[in-house]
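Student: Provided herewith is a single structure, encoded as C-alpha cells, for subsequent inquiry.
Bear in mind that the values in this text are calculations on the coordinates, not laboratory data. Fair warning: this is a prediction, and the values are worked out from it, not measured in the lab. Because the Cβ atoms are built from the backbone with ideal geometry, glycine has one as well, and the counts that use them run over all protein chains shown.
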Amino acid sequence: MNKIEMIGKTYGRLTVLNETKVKDFQTYYMCKCACGNFKEVRGDALRSGKTVSCGCTQVETRHNFGNRVKKMVDYNGKSYPITEFCKEVGIAPTTYYRGIKKGMTIEEILKKHKR
C-alpha cells in the first residue's frame with residue numbers, strides 16, 4: 001500500500017510538520033496548530049477531520065458558550081451574564097442550556113437541574 005504524503009499539508013488548524021512514529025499500523029505526525037501549540041496526531045484522524053486542532057477550538061467554544069442563546073439572565077432582581085449566573089446558582093452553563101424549553105422560567109430550569 002502506498003504511503004499518503006501529508007507533511008506540509010494543513011488539516012483544519014493543524015499543519016503537519018513531520019512523521020513521528022508508526023504504532024499498531026497507524027502513522028503519527030507532529031503538527032503545529034494555528035494557535036502555536038504542537039500536537040501529535042494519528043494520520044487517519046487528520047484526514048477524516050476528526051482532529052482539527054490542538055484542542056484550542058474546544059476551549060474557544062466553551063469560552064463563547066455564554067453568547068449562544070442570550071447574553072444576560074435576570075434573576076432575583078439582578079442581571080447576570082450567563083456564566084456568572086450559572087456560577088452563582090451552582091450549575092454548569094451546559095446544564096442551563098439543556099434545561100431551556102420554550103416558556104420555561106429561570107426557577108423551573110434551576111429546579112430541574114439543581115444538584
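Student: Does the range 76-87 hold any residues that are without any contact (Cβ under 8 Å) to a residue 12 or more places away in the chain and within 13 Å of residue 106 (Cα to Cα), and which are they? Steps first, please.
Tutor: Initial filter on the range 76-87 (without any contact (Cβ under 8 Å) to a residue 12 or more places away in the chain): 76-80, 84, 86-87.
Correct list: 76, 77, 78, 79, 80, 86.
Student: To continue, here is another question. State all residues of the range 1-17 that are surrounded by 10 or more Cβ atoms within 10 Å (Cβ to Cβ) and farther than 25 Å from residue 58 by Cβ; if no residue qualifies, say none.
Tutor: 4, 7, listed by residue number.
Student: Scan the strands (runs of 3 or more DSSP E) fully inside the range 8-57 and keep the ones with 2 or more residues being of a type in the set (D, E, K, R) and more than 17 Å from the chain's Cα centre (by Cα).
Tutor: Passing ranges, in order: 14-23, 38-42.
Student: Would you pick out the residues in the range 27-52 that are touching a Gly at 6+ places or on another chain (Cβ under 7 Å) and polar (S, T, N, Q)?
Tutor: 27 - this is the single residue of the range 27-52 that is touching a Gly at 6+ places or on another chain (Cβ under 7 Å) and polar (S, T, N, Q).
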